[in-house]
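Since the structure comes first, as structure tokens, the remarks are kept for the end.
Here, each number is a calculation from the coordinates, and none is a lab measurement. What you see is a predicted model, and the numbers here were worked out from it, not measured in a lab. Ideal geometry is used to build each Cβ from the backbone, glycine not excepted, and the neighbour counts take in all protein chains shown.
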Amino acid sequence: MRLNNKTVLITGSGSGIGRASALRCAEEGATVISTDVDGDAAAETAAEIREAGGSADHYEFDVTDADAFRAAVEDTAETYGLDVLVNNAGIGQPPSRIEDVDKSVLDYVIDVNLKGPWNGTHAALPIMREQGHGTIVNMSSLAGQLGFPYQSVYALTKAAVINFTRATAAEAGPDGVRANAICPGFIDTQLADAYFAGRSDPEAAREEMVQDYPLRRLGEAEEIADCVVFLASEESSFVTGHALTADGGYSIS
Ligand code: NAD
């Protein structure tokens, strides 16, 4: 198995991509630390892993709370070791013109999507440097690579995550730590549902979106989970500072 003897801490693993990633990492032999601001959801993912014969624990914390994030990371490292951090938790923004974005939305999306990965990396890096190995996977988005209208705040956070990933990779590489980002296109999760719900005709908006994809469908959370496993495992041992686009060909069409 590709993640035998590794401990993987995943944020936002109570739902969607994070949950699928937790389940896939466990299938590959990892001890999974499932974390979410929704503690029950994090616990459910961990329980599902254990019921399937895997190894998992869970923590409830908000990634914007730097102290709580650090406490969970340090406790995990002490109890299970820490090989991989997946900064997956993130939120969308209500579709809006730039001039109509409320400052509270600006601040909150930046806090979760940008400061979240910062807080996790800040807590995990000293541990990973000290042990001489570690891998960080940051969940960015195609919106961090392309300019989608009415998604300005989301886009600015996800673009920053890509460059933060590069900075992390450059800085921590000499200590044996890798960092990579994943840029998914539209993936069928509750985050995507919320995006379409904000459009005047959600079904038509979804169908229109699908036609923009060469594969003529949205992605599945499990397909991004496979990217997480690749970047978390030794199969990607010479890959660092990379932004892996998984978008069904959207960006080349
Ligand atoms: P989701 O809404 O299904 O899951 C997100 C999870 O994160 C939820 O369990 C939620 O409780 C948790 N969460 C939210 N805010 C949190 C916080 N402050 N602290 C801790 N946990 C928090 O969303 P998803 O589609 O699975 O998205 C996961 C990641 O993938 C996000 O970073 C998102 O931006 C990114 N992404 C999603 C898509 C997509 O189309 N779904 C596309 C590109 C990138």
> How high is the FRET efficiency between Glu51 and Asp100 when r is their beta carbon distance and R₀ equals 41 Å, given to the nearest 0.05?
Replying inline: 0.35
> 222 nm [θ] for the chain, helices only, -39500 (n - 2.57) per DSSP H run of 4+, per residue, to 500?
Replying inline: -14500 deg cm²/dmol
> If you add up the charges near Ser96, with Lys and Arg at +1 and Asp and Glu at -1, over every other residue whose beta carbon is less than 13 angstrom from its beta carbon, what do you get?
Replying inline: 0
>> Along the charge dipole of the chain, pointing to its positive end and built from +1/-1 on Cβ of Lys, Arg, Asp and Glu, which listed residue (Ala47, Ala243, Asn138) has its Cα farthest out?
In response: Ala243
> For the chain, with equal point scatterers placed on the C-alpha atoms only and solvent neglected, what are the log10 I(q)/I(0) values from the Debye formula at q = 0.08, 0.11, 0.12 1/Å, to two decimals?
Replying inline: -0.28, -0.54, -0.65
> Based on Cβ point charges of +1 for Lys and Arg and -1 for Asp and Glu, what charge dipole magnitude is obtained for segment 108-250 about its Cα centre, in debye rounded to the nearest 20?
Replying inline: 480 debye
>> Can you list the DSSP H helices in the chain whose Cα atoms extend at least 20 Å along the helix axis and whose mean Kyte-Doolittle hydropathy is -0.5 or higher?
In response: 66-80, 152-172
>> Given a Förster distance of 51 Å, report the FRET efficiency between Ser253 and Glu74 from their Cβ-Cβ distance, rounded to the nearest 0.05.
In response: 0.70
> What nm value, rounded to one decimal, do you get for the distance between Asn4 and Asp188 when each label is placed 7 Å out toward the C-beta?
Replying inline: 3.5 nm
> What is the order of Cys25, Cys227, fewest Cβ neighbours within 10 Å to most?
Replying inline: Cys227, Cys25
> Which of the peptides 113-124, 238-249, 212-223 is most tightly packed, and how do the rest follow, judged by the mean count of other Cβ atoms within 10 Å per residue?
Replying inline: 113-124, 238-249, 212-223
> Rounded to the nearest 20 Debye, what is the dipole magnitude of segment 78-176 about its Cα centre when Lys and Arg each give +1 and Asp and Glu each give -1 at the C-beta?
Replying inline: 240 debye
> Which FRET efficiency, nearest 0.05, do Asp175 and Ser200 yield, Cβ-Cβ r, R0 35 Å?
Replying inline: 0.10
> In whole Å, what are the Cα extents of segment 37-183 along the three principal axes, biggest one first?
Replying inline: 48, 38, 27
> Nearest 20 debye, what's the magnitude of the dipole of the chain about its Cα centre given +1 on Lys and Arg Cβ and -1 on Asp and Glu Cβ?
Replying inline: 780 debye
